[in-house]
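Asker: To start, I am sharing the structure in question, which I have written as C-alpha cells.
The values are calculated or read from the model by the stated rules, or taken from the named source; none is laboratory data. All values derive from a computational prediction rather than experimental measurement. So basically every Cβ, Gly included, is an ideal-geometry build from the backbone, and we count neighbours across all protein chains shown.
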C-alpha cells in the first residue's frame with residue numbers, strides 16, 4: 001500500500017508502530033493509518049468517488065482538532081495502541097459528514 005492520498009504530508013518514522021503508517025500534518029498533528037482502515041478507505045473511494053474528498057477533509061478536521069489520532073479498522077481491536085491518541089473508524093468519519101455506509105458484510109439476523 002502506497003498511501004498516495006497522504007504523499008503531501010511528512011511520513012512519521014516510528015519503529016514502535018511497525019503495522020501502520022504514521023504522518024505529521026503541517027501544523028504538527030500526528031496520525032496513524034492502520035492497514036485495515038486504509039483498505040476500507042480505498043473501498044469507499046471505489047464505491048463513492050464523489051464523496052471521497054469529503055472523507056479526506058473530515059480526517060484532516062479530526063486530526064486538527066484532536067492532534068493525535070489513530071485511524072483504525074476496528075476500535076474494539078486496534079492494531080496500534082498509543083497513549084493519548086483517539087481512535088476513529090471509517091464509519092465515524094462518514095457519519096460526521098452525513099454519509100451512510102451500508103453494512104454489506106453483516107451476517108443474517110435469522111436464528112437470533
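Asker: Being within 23 Å of residue 77 (Cβ to Cβ) and surrounded by 17 or more Cβ atoms within 10 Å (Cβ to Cβ) is the filter here, so list the residues in region 1-36 that pass it.
Answerer: 17, 20, 21, 22, 23, 30, 31, 32, 33, 34, 36
Asker: Looking at region 76-90, is at least one residue in a helix (DSSP H, G or I), surrounded by 12 or more Cβ atoms within 10 Å (Cβ to Cβ) and at pLDDT 95 or above? Lay out the reasoning, then the answer.
Answerer: Of all residues in region 76-90, those in a helix (DSSP H, G or I) come to 90.
Within this subset, residues satisfying the condition of being surrounded by 12 or more Cβ atoms within 10 Å (Cβ to Cβ) are 90.
With at pLDDT 95 or above added as a condition, the list becomes 90.
Scanning region 76-90 turns up at least one residue that is in a helix (DSSP H, G or I), surrounded by 12 or more Cβ atoms within 10 Å (Cβ to Cβ) and at pLDDT 95 or above.
Asker: In region 29-40, what count of residues is obtained for those that are part of a helix (DSSP H, G or I) and touching a helix residue (DSSP H, G or I) at 6+ places or on another chain (Cβ under 6 Å)?
Answerer: Taking region 29-40 first, the residues part of a helix (DSSP H, G or I) are 35-40.
Subset that is touching a helix residue (DSSP H, G or I) at 6+ places or on another chain (Cβ under 6 Å): 40.
Of the residues in that region, 1 qualify.
Asker: Restricting to region 1-28, name every residue that is outside any strand (DSSP E or B), in contact with a strand residue (DSSP E or B) (Cβ under 7 Å, 6 or more places away or on another chain) and under 14 Å from residue 80 (Cα atoms). Before you say what the answer is, go through the steps one by one.
Answerer: Taking region 1-28 and keeping what is outside any strand (DSSP E or B), we get 1-9, 13-20, 25-28.
Filter again for in contact with a strand residue (DSSP E or B) (Cβ under 7 Å, 6 or more places away or on another chain), leaving 3, 6, 9, 14, 17, 20.
The answer is 14, 17, 20.
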